[in-house]
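Notes to accompany the following structure.
The values are calculated or read from the model by the stated rules, or taken from the named source; none is laboratory data. These numbers were taken from a predicted model, which means no experiment stands behind them. Here Cβ is always computed from backbone atoms with ideal geometry, including for glycine, and neighbour counts include all displayed protein chains. Remember, those area values only see protein heavy atoms, side chains included, never the ligands or the DNA or RNA. Shrake-Rupley method; radii C 1.70, N 1.55, O 1.52, S 1.80 Å.
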Amino acid sequence: MSVDTFRALHHGRAPGDPLILPGPWDVASAKTFVDAGFPALATPSMAIAASLGYADGQGTPPAEMFAAIARITRAVDVPVSADVEAGYGLPPAELVERVLDAGAVGVNLEDSDPATGALVEPKRQADFLAAVRAAAGDDLFVNARIDTYVRDGDASPDRTVERGKQYAVAGADAVYPILAPPEHLRAIADGIGLPVNAIGRPDGPPPRELGRMGATRITFGGGLHRRTLATLKSIAEQLTA
């Protein structure tokens, strides 16, 4: 499926109708989501790492991550965006080549260092995103994850907007202020001027409500994988009862 199709899904949406992108970690889960009618998918690095036996935070060897993404994209007929964490230290041109070779039409890139937990200086991250955009042209939908609410004890919409504006200038298609309080989403969306990706959580507002609060698209991180494992644990316990 083309990046144009995926990009179009982010625009012209009603406030209460966000793009919901469930996160498959393997072919079986991807086919399940597509069979349920979802028009696109977004792979979560955390869930893929767990399914392969690795820790989150770039613990998965890049070759294994890209191979897992490729298995998913080959198995479904909808656009797939790929979470590739902070880019695995790959040069932008090589990163873009490997993402495209894996069949993904979009990419998530986070602005904190998985090794140290520190936020990357915003200009440095903007330069990285600009290099990714230059290498990809219009062939990738770039979702710039903003980690202020994860890494910054003084997180606020203003700090997030400050980063997001630089990422927009660098060529990002959307921003992902992960774990932003839902009541901050509207200010972030209005301040940056790009579609905002919010994370859906079992203890938070449902996706449609997040859409009314300012989110254009909803992803779930490793949450759907964790909920699946919780169900499997319950089944396993029943087998020994």
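Under the definition of Cα pairs under 8 Å and six or more residues apart, what whole-number percent is the relative contact order of the chain?
Details: 444 pairs, mean separation 52.7, N = 241.
After rounding, I find 22 percent.
Which of rounded, prolate or oblate describes the chain when judged by the alpha-carbon gyration tensor and an a/c cut-off of 1.5? Don't jump to the answer; show the numbers that get you there.
Working: a/c = 1.38, a/b = 1.21, b/c = 1.13.
In terms of gyration-tensor shape, rounded.
Partner lysines whose Cα lies under 22 Å from the Cα of LYS123, excluding those fewer than 8 positions away in the same chain, are identified as LYS165.
For every other residue with a beta carbon closer than 10 angstrom to the beta carbon of ALA50, add +1 if it is Lys or Arg and -1 if Asp or Glu, then tell me the sum.
On the way: positive: ARG226; negative: ASP56.
In short, 0.
A full extension of the chain between ARG186 and LEU239 corresponds to an added length of 14.4 nm, given 0.36 nm per residue minus the alpha carbon distance. Hydrodynamic analysis of region 157-241 uses the Kirkwood radius over alpha carbon pairs. Inserted into Stokes-Einstein at 25 °C and 0.890 mPa s, it gives a translational diffusion coefficient of 173 µm²/s.
Can you send over the carbon and sulfur percentage of the accessible area for region 1-52, probe radius 1.4 Å, protein chains only? Intermediate values should be presented prior to the final figure.
Details: 1310 of 2220 Å².
Here it works out to 59 percent.
Taking a spot 7 Å from the Cα of ASP77 along the direction of its beta carbon, which residues of region 1-19 have an amide N less than 16 Å from it? Only 1-2 fall inside the zone, counting backbone N under 16 Å.
Quick one: grab the alpha carbon gyration tensor of region 1-107, order the square roots of its eigenvalues as a ≥ b ≥ c, and give me rounded if a/c is under 1.5, else prolate or oblate depending on whether a/b is larger than b/c. Mind dumping the intermediate values first?
Details: a/c = 1.79, a/b = 1.42, b/c = 1.26.
Because a/c hits 1.5 or more and a/b exceeds b/c, region 1-107 counts as prolate.
Between ARG201 and ALA14, the modelled labels are 2.8 nm apart [label points 7 Å from Cα along Cα→Cβ]. The modelled label-to-label distance for the pair ALA63/ASP138, using points 7 Å beyond Cα in the direction of Cβ, is 3.6 nm.
Over the chain, accessible surface divided per residue gives 44 Å², non-protein components excluded, 1.4 Å probe. Using the Cβ-Cβ distance between ARG124 and LEU100 with R0 set to 41 Å, the FRET efficiency works out to roughly 0.95.
What 222 nm value per residue comes from the helices of the chain, counting each DSSP H run with n ≥ 4 as -39,500 (n - 2.57) and dividing by all residues, nearest 500 deg cm²/dmol?
On the way: 11 runs with 111 residues, N = 241.
My calculation for the chain gives -13500 deg cm²/dmol from helical runs alone.
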